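Undergrad: The structure under discussion is supplied below as structure tokens; questions concerning it will follow.
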Amino acid sequence: MIAIIDYDAGNLKSVEKALNYLGEETIVTRDCRDILTADKVILPGVGAFGEAMERLRKYELDKVIHEVTEKQTPFLGICLGLQLLFAGSEENGGVEGLHILDGEIVRIPAKDGLKIPHIGWNSLHLQHQGKLYDGITEGAFVYFVHSYYLKAGDDQIVKASTEYGVTIHASVEQGNVFACQFHPEKSSSTGLQILRNFAGTGEVQ
């Protein structure tokens, strides 16, 4: 069973639909017991960092996420869900995150001809042999929607990056924790393969 955390941050149905297409059993929930007993957990999300952290704390999901990751349950953050895993974000004047991984979330710098938010398909540079990228070719395209991006504290956890005015750390893995800035559930066959790889992480370990 894969638990998809519901904290009123959107993007749940598309993740659920993609996993169901792959034949995975899912539950969309904010019930702590459901999340703690799931085989795998996904934290999706779109929107503002500060509001998202407020909602996680309101439902006491921040504590649950720490407990899930500490007990080595495979955990996947998607888009805003990636950003929340880090120490904090420049967005909303600076907000503290979950600090499960080391790094910071900063705004994509303005440049002539560069639209922000970054919306669209970008190619991935794969590095450090990420488990999520088994069967994925170098330069594969995935779909992004974001104005802020990750600068990871440790380059070794970065498994995929992309260029959009700056080098964006697009995906990270550390132990049982995985995260993607892009939306695998909206990234066609490449995204489905990434979700398939995540669904199989428990068997691989």
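Undergrad: Mind checking which residues of the range 29-77 are under 14 Å from MET1 (Cα atoms), touching a helix residue (DSSP H, G or I) at 6+ places or on another chain (Cβ under 9 Å) and acidic (Asp, Glu)?
TA: ASP39
Undergrad: Between GLY81, GLY77, which is assigned to a strand (DSSP E or B), touching a residue at least 60 places away in the same chain (Cβ under 8 Å) and open to solvent by less than 10 Å² (accessible area, probe 1.4 Å)?
TA: After applying the criteria, what remains is GLY77.
Undergrad: May I ask you to list the residues in the range 49-77 that are of a type in the set (A, V, I, L, M, F, W, C) and out of contact with any Phe, Trp or Tyr (no Cβ under 8 Å at 6 or more places or on another chain)? So that I can check it myself, show each step before the final result.
TA: Pass one, the range 49-77, residues of a type in the set (A, V, I, L, M, F, W, C): 49, 52-53, 56, 61, 64-65, 68, 75-76.
Within the range 49-77, MET53, VAL64 meet the criteria.
Undergrad: What tally of residues in the range 169-201 results from selecting those that are part of a helix (DSSP H, G or I) and over 21 Å from MET1 (Cα atoms)? Don't jump to the end; show me each part of the working.
TA: Filtering the range 169-201 for residues part of a helix (DSSP H, G or I) gives 184-186, 188-199, 201.
This time we only want the ones that are over 21 Å from MET1 (Cα atoms), so: 186, 188-190.
Total satisfying the criteria: 4.
Undergrad: Test VAL41 against the stated conditions and say whether it is within 20 Å of SER189 (Cα to Cα) and under 14 Å from the mean Cα position of the chain (by Cα). Break it down stepwise before answering.
TA: Working: within 20 Å of SER189 (Cα to Cα): no; under 14 Å from the mean Cα position of the chain (by Cα): yes.
No.
The values are calculated or read from the model by the stated rules, or taken from the named source; none is laboratory data. Only a predicted model underlies this, so the values are computations on that prediction, with no experimental measurement involved. Positions of Cβ are backbone-derived with ideal geometry, glycine not excepted, and every protein chain shown enters the neighbour counts. Surface accessibility is based on the protein's heavy atoms, side chains included, excluding ligands, DNA and RNA. Shrake-Rupley method; radii C 1.70, N 1.55, O 1.52, S 1.80 Å.
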